[in-house]
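The values are calculated or read from the model by the stated rules, or taken from the named source; none is laboratory data. Just so we're clear, the structure is a prediction, and the values are computed from it rather than from any experiment. Counting neighbours? That spans all protein chains shown, and the Cβs are built from the backbone with ideal geometry, glycine included. With ligands, DNA and RNA removed, areas are computed over all heavy atoms of the protein, side chains included. Shrake-Rupley method; radii C 1.70, N 1.55, O 1.52, S 1.80 Å.
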Amino acid sequence: MTGLLQGSCFVRLLQAIGAWLHRVAGGSAIFGAIGRCWRASKTRAFFVRRLGAPDAYVESSNAARLCTRVNTRLSGWSAPRRWWEASLLCRIWRGLCRALSKSRIIGWAFSDGMQGLILTILGCYVCIDWLLRDVLQIALLASVWDELLILFCLFWVVWQRTGRRTPLAIGANPLDLPVAVFFVVGLVLMSIVAPYPAIQLSGYRATVQYILWFFLITRLVQSDRDFMRVYITLCAVAFVLALHGIYQYIIGVPMPSNWVATAETAVRTRVYSIFGSPNIMGDFMVLFVPMTVALAYHTKRPAAQACAWLAAIVMCVACLFTMSRGAWAAMAAAIVVFILLVDRKLFWLLLAAACVLVLVPFVRTRIGFLFTDDFVAANTNGGRAGRWENGLAHLESVDPVTGFGLGMFGGAVAMQNQVLDGVDYFYMDNYYLKILVEMGWLGLASFILMMLGMIAAALRSLYRTAKYRRTEEKPMYPLCAGMFAGLVGVLVHCSGENIFEEPYMMVYFWLIAGLLIWAGFLRKKQAVR
């Protein structure tokens with residue numbers, strides 16, 4: 001696929017122009033001096049030292065020592081495992097796994113017993129949630145199944161560490177502390193700003209519960225096989241949902257009239273697949289397009305590379321059909337980050353695609369509407385700008401340091417519990433502002449600290465995996481770069497949408513963050529099963 005695209009006349013022309021610019025810049029005394037100054041600068045040396053620094057402070061922390069003691073105790077606690085392995089139920093389960101593992105459809109999920117089944121379920125999280133809530137409509141199970149899954153995964157993490165001759169690695173990493181700080185700050189704010197304690201508890205749960213998957217996935221994954229199981233399942237689910245979105249566009253699925261302005265005549269529909277929102281579907285594609293392209297750089301098989309490229313193109317088309325301008329901007333950011341990290345030759349492919357897209361009528365309509373008086377009026381009166389201004393006004397009416405109260409304004413919990421008279425409830429359409437209004441400057445600072453900690457730890461993971469990219473048969477670096485690019489795209493889109501108000505988006509975000517941290521910090525320490 002890459003060779004076909006690069007062989008076109010248009011792309012060759014762009015490459016020739018780029019090569020000429022590169023030669024001009026490379027031969028310039030100014031650019032040469034800048035490059036030499038950067039390579040010799042203390043700033044570059046500082047970043048290199050930080051990216052490659054050992055984690056002595058993590059491994060010597062009190063939390064790490066506590067985890068080590070607990071793991072050692074659990075490894076010597078072999079009685080429960082012996083009882084289980086001698087039971088009839090265990091023999092039935094193993095026989096069932098052996099039988100199901102031969103199936104071409106579901107065999108992948110049962111090939112490693114319960115471990116494989118759990119990781120496959122995590123990859124299919126959004127499909128299971130949709131099945132329970134929208135198809136089967138089992139209200140009780142749909143409302144508690146994710147909490148039950150968290151509890152079972154916590155049990156499985158403990159169970160994995162019982163009765164082992166060699167204790168498993170503790171799983172401590174540099175991101176544990178920033179995440180824990182956000183949890184604690186949220187708990188404090190929930191306690192001191194609690195006009196309606198039940199609502200504050202629901203708001204706190206909605207804000208932090210699904211971040212728990214970061215702690216769980218970094219302890220669940222034990223080997224490259226586990227890592228790839230989750231990774232490939234995620235990409236496969238995204239590909240199937242992208243196909244469904246394209247099908248919706250072909251048949252012209254109905255949509256509410258307020259999804260487009262009357263001036264956008266070229267837009268006949270916006271696709272949303274099983275998500276119910278084109279913005280969320282677009283962001284879902286943003287998260288997984290770089291990861292899918294990364295598979296083409298991970299494998300050496302031409303057929304697998306072609307499949308990865310084809311799947312990524314299908315996802316890009318599905319994102320295009322969502323007509324979500326925020327998702328388009330986030331996709332562009334994610335692709336640029338991936339290009340800078342993995343293959344800068346793809347820049348010309350991106351430029352060629354952008355030149356083609358501006359010729360598409362609905363793209364011109366959606367983007368051109370941003371520069372009209374109608375958009376300014378709509379944005380100010382009930383649009384994002386008006387909502388942000390209204391939300392900040394609510395923040396100023398209380399203590400800006402501690403905020404309006406968790407679950408009180410700007411998110412799903414507030415929309416479900418409209419308890420204040422005279423307040424016009426709505427989604428903030430900016431997750432950072434939603435955090436600011438509900439948790440104040442203190443909560444926003446802790447949230448930003450957590451996200452900066454995630455970015456810093458992710459960059460260190462990229463630096464560590466990059467050291468082995470030329471010696472590994474299947475390097476992890478492209479996969480890590482794909483995950484990081486997708487996470488960056490989601491963070492960009494959060495500035496224009498409440499992305500994390502959807503539980504499965506937060507689950508996938510922190511699952512991928514956990515996989516990225518595992519690859520950089522825990523992979524060499526884990527015992528391969």
Original post:
For the stretch 391-405, which residues satisfy the criterion of being in contact (Cβ under 8 Å) with a residue 12 or more places away in the chain and not in a loop (DSSP other than H, G, I, E, B)?
Top reply: 391, 392, 394, 395
Original post:
Does at least one position in the stretch 297-306 carry a residue that is in a helix (DSSP H, G or I), hydroxyl-bearing (Ser, Thr, Tyr) and out of contact with any Cys (no Cβ under 9 Å at 6 or more places or on another chain)?
Top reply: yes
Subject >> Residue count, the stretch 193-240 (criterion: surrounded by 18 or more Cβ atoms within 10 Å (Cβ to Cβ) and acidic (Asp, Glu)) >> reply: 1
Subject >> Counted residues, the stretch 245-258 - those being in contact (Cβ under 8 Å) with a residue 40 or more places away in the chain and open to solvent by 20 Å² or more (accessible area, probe 1.4 Å) >> reply: 2
Original post:
Just checking, how many residues over the stretch 434-444 are more than 14 Å from residue 208 (Cα to Cα), surrounded by fewer than 22 Cβ atoms within 10 Å (Cβ to Cβ) and without any contact (Cβ under 8 Å) to a residue 60 or more places away in the chain?
Top reply: 1
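Only one residue in 287, 320 is modelled with pLDDT of 90 or more and open to solvent by 10 Å² or more (accessible area, probe 1.4 Å). Which one?
Values: 287 fails: open to solvent by 10 Å² or more (accessible area, probe 1.4 Å).
It is 320.
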**OP:** Could you tell me which numbered condition residue 123 fails, if it satisfies all but one of (1) free of Cβ contacts under 8 Å to residues at least 40 places away in the same chain; (2) open to solvent by less than 10 Å² (accessible area, probe 1.4 Å); (3) within 21 Å of the chain's Cα centre (by Cα)?
**Re:** (1)
Subject >> Those residues of the stretch 352-373 which are out of contact with any helix residue (DSSP H, G or I) (no Cβ under 8 Å at 6 or more places or on another chain) and basic (Lys, Arg), in sequence order >> reply: 364
Original post:
Scanning the stretch 470-507 for residues that are closer than 24 Å to residue 233 by Cβ and over 18 Å from the mean Cα position of the chain (by Cα), which turns out least open to solvent (accessible area, probe 1.4 Å)?
Top reply: 475
**OP:** Provide a single number: the residues in the stretch 290-312 that are β-branched (Val, Ile, Thr) and either crowded, with 24+ Cβ neighbours inside 10 Å or modelled with pLDDT of 95 or more (or both).
**Re:** 2
Original post:
Residues in the stretch 260-272: is at least one open to solvent by less than 10 Å² (accessible area, probe 1.4 Å), within 29 Å of residue 416 (Cβ to Cβ) and among the small types (Gly, Ala, Ser)?
Top reply: no
**OP:** Scan the stretch 323-333 for residues that are open to solvent by less than 10 Å² (accessible area, probe 1.4 Å) and either part of a helix (DSSP H, G or I) or over 29 Å from residue 268 (Cα atoms) (or both) and jot them down.
**Re:** 327, 330
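Going by the structure shown, is residue 281 part of a helix (DSSP H, G or I), open to solvent by less than 10 Å² (accessible area, probe 1.4 Å) and under 18 Å from residue 489 (Cβ atoms)?
Values: part of a helix (DSSP H, G or I): yes; open to solvent by less than 10 Å² (accessible area, probe 1.4 Å): yes; under 18 Å from residue 489 (Cβ atoms): yes.
Yes.
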**OP:** Give the stretch 68-100 a look and list any residue that's under 30 Å from the mean Cα position of the chain (by Cα) and either open to solvent by 50 Å² or more (accessible area, probe 1.4 Å) or modelled with pLDDT of 85 or more (or both), or say none.
**Re:** 68
Original post:
Based on what the data block shows, is residue 413 hydrophobic (A, V, I, L, M, F, W, C) and not in a helix (DSSP H, G or I)?
Top reply: no
Original post:
Do you know which residues across the stretch 352-380 are open to solvent by 40 Å² or more (accessible area, probe 1.4 Å), outside any helix (DSSP H, G or I) and free of Cβ contacts under 8 Å to residues at least 60 places away in the same chain?
Top reply: 358, 359
Original post:
What number of residues within the stretch 334-351 are basic (Lys, Arg) and either buried (at least 20 other Cβ atoms within 10 Å of the Cβ) or touching a helix residue (DSSP H, G or I) at 6+ places or on another chain (Cβ under 9 Å) (or both)?
Top reply: 1
**OP:** State all residues of the stretch 430-474 that are outside any helix (DSSP H, G or I) and within 20 Å of residue 334 (Cβ to Cβ); if no residue qualifies, say none.
**Re:** 430
Original post:
Looking at the stretch 92-151, what helices (runs of 4 or more DSSP H) fall wholly within it and have at least 2 residues that are out of contact with any Leu (no Cβ under 9 Å at 6 or more places or on another chain)?
Top reply: 113-123, 125-130
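Only one residue in 423, 419 is open to solvent by 50 Å² or more (accessible area, probe 1.4 Å) and either charged (D, E, K, R) or over 22 Å from residue 326 (Cα atoms) (or both). Which one? It would help to see each step written out before you state the result.
Values: 423 fails: open to solvent by 50 Å² or more (accessible area, probe 1.4 Å).
Matching residue, one of 423, 419: 419.
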**OP:** Could you please find all residues in the stretch 398-432 being touching a strand residue (DSSP E or B) at 6+ places or on another chain (Cβ under 8 Å) and among the hydroxyl-bearing types (Ser, Thr, Tyr)?
**Re:** 427
